[in-house]
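Student: If you scroll down you'll find the structure; I have some questions about it.
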């Protein structure tokens, strides 16, 4: 008698990471908030994203398909990570300007862009970042970092 064949499924391929720098740049100064220490924008579904002048960046709000229901993804030096916050981290930014589809906001080494559905932020120093998408939100890079940047308010 022969042994039954064991079916093995190939793992799902990693989702494609959008080329953020292929999007048209917006004028950074039009997104300046917090005495020009942050550049903030909104994306659909109530998510606010921020690039700080100190190199920290992230998005806060109802992040679709986030690991463990996280409502914050943030980075700085190293690979970003997902977290949960009891209150919106960027609520201090009232009515942030929407980032138009097929555009990007860049400051120093960090670029965030959207096609209108999927939003990505990439740090050019290490090619780490994150993707926010209804199909699945995930971190780009080797592994998530324990580093959680402190966003300076004021």
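Student: Out of curiosity, is residue 106 crowded, with 16+ Cβ neighbours inside 10 Å, in contact with a helix residue (DSSP H, G or I) (Cβ under 6 Å, 6 or more places away or on another chain) and either in contact (Cβ under 8 Å) with a residue 12 or more places away in the chain or part of a loop (DSSP other than H, G, I, E, B) (or both)?
Tutor: no
Student: Turning to a different aspect of this structure: Does at least one position in the stretch 47-63 carry a residue that is at pLDDT 95 or above, crowded, with 22+ Cβ neighbours inside 10 Å, in contact with a helix residue (DSSP H, G or I) (Cβ under 8 Å, 6 or more places away or on another chain) and not in a loop (DSSP other than H, G, I, E, B)?
Tutor: no
Student: Look through 88, 100 and report the one residue that is part of a loop (DSSP other than H, G, I, E, B) and either in contact with a helix residue (DSSP H, G or I) (Cβ under 9 Å, 6 or more places away or on another chain) or modelled with pLDDT under 95 (or both).
Tutor: Values: 100 fails: either in contact with a helix residue (DSSP H, G or I) (Cβ under 9 Å, 6 or more places away or on another chain) or modelled with pLDDT under 95 (or both).
It is 88.
Student: Give the residues of the stretch 117-136 that are surrounded by 15 or more Cβ atoms within 10 Å (Cβ to Cβ), over 16 Å from residue 46 (Cβ atoms) and in contact with a strand residue (DSSP E or B) (Cβ under 9 Å, 6 or more places away or on another chain), sorted by residue number. Before the answer, list the steps.
Tutor: Pass one, the stretch 117-136, residues surrounded by 15 or more Cβ atoms within 10 Å (Cβ to Cβ): 118-123, 126, 128-133.
Next, only the ones that are over 16 Å from residue 46 (Cβ atoms) stay: 118, 120-123, 126, 128-131.
Within the stretch 117-136, 118, 120, 121, 122, 123, 128, 129, 130, 131 meet the criteria.
Student: Considering each of 143, 152 in turn, give the residue that is at pLDDT below 95, in a loop (DSSP other than H, G, I, E, B) and farther than 15 Å from residue 77 by Cβ. Steps first, answer last, please.
Tutor: Details: 143 fails: farther than 15 Å from residue 77 by Cβ.
Among 143, 152, only 152 is at pLDDT below 95, in a loop (DSSP other than H, G, I, E, B) and farther than 15 Å from residue 77 by Cβ.
The values are calculated or read from the model by the stated rules, or taken from the named source; none is laboratory data. All figures in this text were calculated on a predicted structure; none of them were measured in a lab. Cβ: placed from backbone, ideal geometry, glycine included. Neighbour counts: every protein chain shown.
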